[in-house]
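The values are calculated or read from the model by the stated rules, or taken from the named source; none is laboratory data. Every value quoted in this text rests on a predicted model; they were computed, and no experiment measured them. A quick note on method: Cβ atoms are made from the backbone with ideal geometry, for glycine too, and the neighbour counts reach across all protein chains shown. Protein only, heavy atoms only, side chains kept; ligands, DNA and RNA dropped before computing areas. Shrake-Rupley method; radii C 1.70, N 1.55, O 1.52, S 1.80 Å.
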Amino acid sequence: MASNSANISSDKRFLIFFDFDETIVDETSDDMVVQAAPGQHLPDWLKDTYQPGRYNEYMQRVLAYLAEQGVTESDIRSIMEKIPASPGMLTLLQFLRTRPPQDFEVVLLSDANSFFIESWLRRAGARQIFHRVFSNPATFNKDGRLVMRPFHSHDCARCPNNMCKQVVVRDYVARRTQERGRPYQRIFYVGDGANDFCPALALGPRDVVFPRRDFPMHRLITETHEAMPGDFKAVTVPWASGEEVVQRLRRLVAE
């Protein structure tokens with residue numbers, strides 16, 4: 001999904017990025033959609049087509065298979081709407097919703113897809129919190145199949161071929177800084193996965209990264225601190241509940 005930021009107020013003090021799967025929601029939406037398949041599982045021949053770094057292409061085949069099995073738009077939407085939020089995440093989203101309008105510019109950045117994300121956010125009443133959603137575009141075609149496309153192409157060897165979140169973060173921050181005429185006071189990033197580690201590397205010493213405790217992002221940050229001290233610059237605040245993120249944000253916005 002592309003972004004046009006011209007209609008976002010330029011007075012925001014802070015920019016906060018969120019991942020979706022296992023960050024905002026407590027499951028992986030790509031795994032959950034399998035519940036719509038016959039017997040709630042995929043055939044081995046389909047699972048065997050997965051290739052490392054090409055998960056997006058694999059999911060395109062999964063969605064095509066589901067359509068062939070008669071799975072409808074409403075079936076998929078219903079599954080997405082039922083995914084539970086991660087612990088304390090609704091509290092965190094409510095905190096952002098009730099802050100003064102000049103505090104937070106909120107961006108969602110996910111390697112899931114736009115239909116899964118929009119379905120959940122709208123059901124949760126949280127869509128209006130997010131100024132921008134960046135994800136793999138997905139729309140239903142005339143045959144009723146959910147067609148997903150890669151978000152972009154890039155040259156990062158660390159990330160899957162369809163999305164490097166660091167590229168998105170760098171481009172967005174650069175464009176918004178130019179539009180605003182000044183940088184943000186701080187940038188925050190809330191995530192869990194290995195693909196959230198790459199964008200976190202782009203942040204500076206005044207910025208804060210919130211990795212979900214003991215998930216891949218947290219482990220990669222810890223390993224980097226041990227192996228290459230000083231390479232990872234952002235302040236790291238692990239979380240098990242979104243309420244821990246709220247507590248730290250309250251302190252930071254009051255400074």
**Request:** Using a 1.4 Å probe and counting only protein heavy atoms, arrange CYS156, CYS198 so the residue with the most accessible area comes first.
**Result:** CYS156, CYS198
**Request:** Using only alpha carbon pairs under 8 Å that are at least six residues apart, calculate the relative contact order of the chain and give it in whole percent.
**Result:** 24 percent
**Message:** Could you compute how much accessible surface SER78 exposes when probed at 1.4 Å, giving the result in Å² to the nearest 10?
**Reply:** 40 Å²
**Prompt:** Taking the chain as a Gaussian network, where each spring joins two C-alpha atoms under 10 Å apart, which residue of LEU203, LEU146, LEU46 fluctuates the most?
**Reply:** LEU46
**Request:** Using a 1.4 Å probe and counting only protein heavy atoms, arrange HIS154, HIS225 so the residue with the most accessible area comes first.
**Result:** HIS225, HIS154
**Message:** Sequence gap at least 6, Cα distance under 8 Å: using those rules, report the relative contact order of region 31-81 to the nearest whole percent.
**Reply:** 55 percent
**Asked** Sorted by accessible area with a 1.4 angstrom probe, largest first, how do THR49, THR23, THR98 fall?
**Response** THR98, THR49, THR23
**Message:** Using only Cα atoms and rounding to the nearest 10 degrees, what angle (0 to 90) does helix 114-124 make with the longest principal axis of the chain?
**Reply:** 70 degrees
**Message:** I'd like to know which of THR91, GLN178, THR23 lies farthest towards the positive end of the charge dipole of the chain, counting +1 on Cβ of Lys and Arg and -1 on Cβ of Asp and Glu.
**Reply:** GLN178
**Item:** Selected from GLY181, GLY144, GLY70 as most flexible by GNM, with the chain as the system and alpha-carbon contacts under 10 Å
**Value:** GLY181
**Item:** Among [x] 25.5; [y] 19.0; [z] 18.1, the entry that matches Kirkwood radius over Cα pairs in Å as calculated here
**Value:** [y]
**Fill in**
Ignoring ligands and nucleic acids, SER110 exposes an accessible area, probe 1.4 Å, in Å² to the nearest 10, of 0 Å²
**Message:** Tell me the Rg and the Dmax, in Å, that the Cα atoms of region 31-81 produce.
**Reply:** 10.9, 30
